[in-house]
Ligand code: G1P
């Protein structure tokens, strides 16, 4: 019997090393894409999908994330007094996200690796399935990615991975699922996940894109991993290892997500995400399209 998904975890304790020196003082989750920091896109996606309990797992130097979502009635009152209603509304709306999403923060503790924040947060969750979303993917989708994952879970009562088709030579950047069966509408039965394979060893043409429905059984597998974490090749706890331990003997699914996906995790893809968001902006987009043509046009570099 499937349970309703109400809770989500956003692991946000990483160093953002692929984006250094940009991320030396600014958490990668706070880098802007369009008119919002990356993590706000994820929080809005969750709130729009009916999630009412969001845990952001942070490390010591990520206070900017909390500052961003914290309601600031004094600033709102000042802006209203000055007649700056649109700005006041915008600030108020961001603060409101932490109420509707009931955002809480947890400090990561335990071995390195992306399984640790999930285990830390799961302590408070009991026997419920949860959503785990990495904060460095931005989706532009009619139905939010989180909602598409929830629907797949409701249809299967099993763990689900968010997937997107990828270019063959991107396989070394992503987990690549082993697909056993295609049920249509993007729902796939999967039997494992190969982490960052060489293109010739990639078991399918899909990438796992940092969105997961994690059930209590996967949490149990993560706990098992911690018993042997020191045996792991890098001494880290990985969600992928728990997924593989689970999928070896039990049913698990992938959901190919409908929508546009922007990975902000490395310099080129981050710039692409910013560029796409800028071009899509109704106010500035037309001028930026023009500028792109001018810069790319004949004689532009002379
Ligand atoms: C992690 C996962 C990988 C997934 C990727 C998506 O890798 O381990 O399976 O494809 O996120 O962003 P990371 O990017 O943390 O190395």
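The values are calculated or read from the model by the stated rules, or taken from the named source; none is laboratory data. These numbers were taken from a predicted model, which means no experiment stands behind them. Reconstructed Cβ throughout: ideal geometry from the backbone, glycine too, with neighbour counts over all protein chains shown.
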(message) Can you say whether residue 219 is more than 11 Å from the ligand (Cβ to nearest atom) and at pLDDT below 90, as far as the supplied structure shows?
(response) no
(request) Could you list, in sequence order, all residues of segment 28-53 that are within 15 Å of residue 136 (Cα to Cα) and not in a helix (DSSP H, G or I)? (result) 31, 32, 33, 34, 36, 37
(message) Within segment 194-214, take every residue that is in a strand (DSSP E or B) and more than 12 Å from the ligand (Cβ to nearest atom) and give me the one that is surrounded by the most Cβ atoms within 10 Å (Cβ to Cβ).
(response) 214
(request) Within segment 129-139, track down each residue that is assigned to a loop (DSSP other than H, G, I, E, B), within 16 Å of the ligand (Cβ to nearest atom) and in contact with a strand residue (DSSP E or B) (Cβ under 6 Å, 6 or more places away or on another chain). (result) 134, 135
(message) Suppose we filter segment 237-264 for residues that are within 17 Å of residue 176 (Cα to Cα) and either within 16 Å of the ligand (Cβ to nearest atom) or assigned to a strand (DSSP E or B) (or both); how many remain?
(response) 18
(request) Working only within segment 140-193, note down all residues that are out of contact with any helix residue (DSSP H, G or I) (no Cβ under 7 Å at 6 or more places or on another chain), within 16 Å of the ligand (Cβ to nearest atom) and within 16 Å of residue 261 (Cβ to Cβ). (result) 149, 161, 163, 164, 165, 166, 167, 170, 173, 174, 176, 177
(request) Identify all residues within segment 84-127 that are away from the ligand (no atom under 16 Å from the Cβ), surrounded by 15 or more Cβ atoms within 10 Å (Cβ to Cβ) and closer than 29 Å to residue 195 by Cβ; write none if there are none. (result) 105, 106, 120, 121, 122, 125
(request) Tell me, yes or no, whether segment 147-160 has at least one residue that is surrounded by 23 or more Cβ atoms within 10 Å (Cβ to Cβ), touching a strand residue (DSSP E or B) at 6+ places or on another chain (Cβ under 8 Å) and not in a helix (DSSP H, G or I). (result) yes
(request) Considering each of 170, 185 in turn, give the residue that is closer than 22 Å to residue 141 by Cβ and in a loop (DSSP other than H, G, I, E, B). (result) 185
(request) Could you tell me whether residue 245 is modelled with pLDDT of 95 or more and either within 26 Å of residue 5 (Cα to Cα) or surrounded by fewer than 22 Cβ atoms within 10 Å (Cβ to Cβ) (or both)? (result) no
(request) Restricting attention to segment 1-21, report how many residues are outside any strand (DSSP E or B) and either within 23 Å of residue 90 (Cβ to Cβ) or touching a helix residue (DSSP H, G or I) at 6+ places or on another chain (Cβ under 8 Å) (or both). (result) 7
(message) Against the condition assigned to a loop (DSSP other than H, G, I, E, B) and at positive phi, how does residue 113 come out, does it pass?
(response) yes
(request) State whether the residues of segment 69-91 include one that is closer than 20 Å to residue 255 by Cβ and either part of a helix (DSSP H, G or I) or at pLDDT 95 or above (or both). (result) no
